[in-house]
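Below is one structure. I have some questions about it.
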Amino acid sequence: MSFKSKFTLIVLSASLAVYTIAGAWLSTRAQQPANDPGAQQKIFESVLQHIQDDYVDQPNMEKVRAGALRGLAYGLDPYSTYLTADQVKDYRATNKNGQVGVGAELSQVASFLYVVAPVKGSPADQAGVHAGDIIEYIDGKATRDVSLYDARQLLNGAPGSEVKLRILRAGSRPLTLTVKRGSFRAPAAEARMEAGRIGVLRINSLDSGEAADARARLQDLVKQGAQKIVLDLRNVAGGEIQEGVTVANFFIREGLIAKTIGREQRVLKSFEADPKVAFFHGPVVVLIDTGTAGAAEVVASAFLEDKRGDVVGEKSFGAGAEQELFNLRDGDGLLLTTVKWASGSGKPFLGEDRSHSGIAPSVEVKRPESEPVDVDDLANEEETKPNQPNVKPAPSEPVAPPKPAPEDTQLKKAIELLRDKPATPAQRAA
């Protein structure tokens, strides 16, 4: 073989080897999972090294550590958070030093403190806080990018003390509400009859023990001759998953009602209907709105998946999760979501983002007055404002006098749907 031929063969072989090695490296990189913890850890180590070596002043590494841990938890969901050592002690305390809150189910949307729904009759409700409100300031302290846990601590205080909330609300200029902190309990379920032997059962809470009260009110309606039921779950947020399962079971005789799921979608517990609990078999329509969350979503999802009846209203908020406290070596801790509530088919109510959270009604009916604040647009507007640290918000207009209650178009639609459905044989008041 000539020297020229040998040289050409060597060049070709070398080129092939280079391409093979490069291709294997690129393939490995492509196959590396996006959530590779080793790769993420290297990034954090690099950032930490730059802070130690290049920051203009001597960094306070305790503050850096706390800030980093807050940021890590903040990137998960609104309910996971980093707690200082003092906050861990407060979290474990049973009496909470006698402090009380304002009575609102809260979450975060686009880094803002968001009111899912005030508890009916609570201090927040009496002061005029609405579902869908954005709490921009608490006593002059901005809530944006503050953890949900920290925001709740700002809201809590001694019974009878007052807290000022600056509220952003759709269709209104910013307003300031003064809320007097105090103990509260949601009122019992309410029941009334409508024409056509239609009973309306309004649930106000699904906290522990409330399902038994709802059963008693449903029995009252049956005794009054109700053959069809409107189950109103609007602005019912929070509560216990078992209470939601029990209320759904009054109407659903068999099948899976709900699940709790853990890491990698593992089913931790399944909640099945008990035929002995079911006692109303007539037509039912469920009402939900953007203030429906948690245990109430258990009920609504069960109706949809069992095809037990229509669900009328607006898409629910999407909540239902349980947290576990993990201790860190210096007494601080991480409060992490380890359990999500899900429908009988296994769909979590709390999704990875707002668009994947909540339950869509089978019949959508939006109320004009319930148009929510577009929080994402609001966030963009706030970012364009000049930064003014340590400046209290400008005074806002006083709350306008209440307007006459508009027609309840959602309830009207529910009653229309029920009137078109044939009644079943007389119910027994179990």
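Compute the length gained on full extension between S345 and S111: take 0.36 nm times their separation in residues and subtract their Cα-Cα distance, giving the result in nm to one decimal.
Extending this stretch completely gives an extra 81.2 nm.
At 7 Å along the Cα-to-beta-carbon direction for both R192 and S161, put a label point, then send me their distance in nm to one decimal.
Between R192 and S161, the label points sit 3.9 nm apart.
Given labels modelled 7 Å from the Cα in the Cβ direction, how far is it in nm from E407 to N60?
For E407 paired with N60, the spin-label model returns 6.1 nm.
For L76 and Q126, what is the calculated FRET efficiency with R₀ set at 45 Å and r taken between the beta-carbons, to the nearest 0.05? Each step should come with its number before you reach the end.
Working: r = 34 Å, r/R0 = 0.75.
Efficiency for this residue pair is about 0.85.
Still on this structure: Starting from 0.36 nm per residue, how many nanometres of slack lie between F326 and E352 once their C-alpha separation is accounted for?
Working: separation 26, 0.36 × 26 = 9.36 nm, distance 2.22 nm.
Residue separation times 0.36 nm, minus the Cα-Cα distance, leaves 7.1 nm.
Right, here's the next one. Over the range 186-243, with the other protein chains present, what is the accessible area per residue in square angstrom, probe 1.4 angstrom? Working shown, then result.
Numbers: 2150 Å² over 58 residues.
It amounts to 37 Å² per residue over the range 186-243.
With each label point set 7 Å from Cα along the Cα-Cβ vector, what nm distance links T424 and Q40?
Placing both labels 7 Å beyond Cα along the Cβ direction yields 4.8 nm.
The values are calculated or read from the model by the stated rules, or taken from the named source; none is laboratory data. Being a predicted model, the structure only gives us computed values, none of them experimental. Reconstructed Cβ throughout: ideal geometry from the backbone, glycine too, with neighbour counts over all protein chains shown. For accessibility, only protein heavy atoms count, side chains too; no ligands or nucleic acids. Shrake-Rupley method; radii C 1.70, N 1.55, O 1.52, S 1.80 Å.
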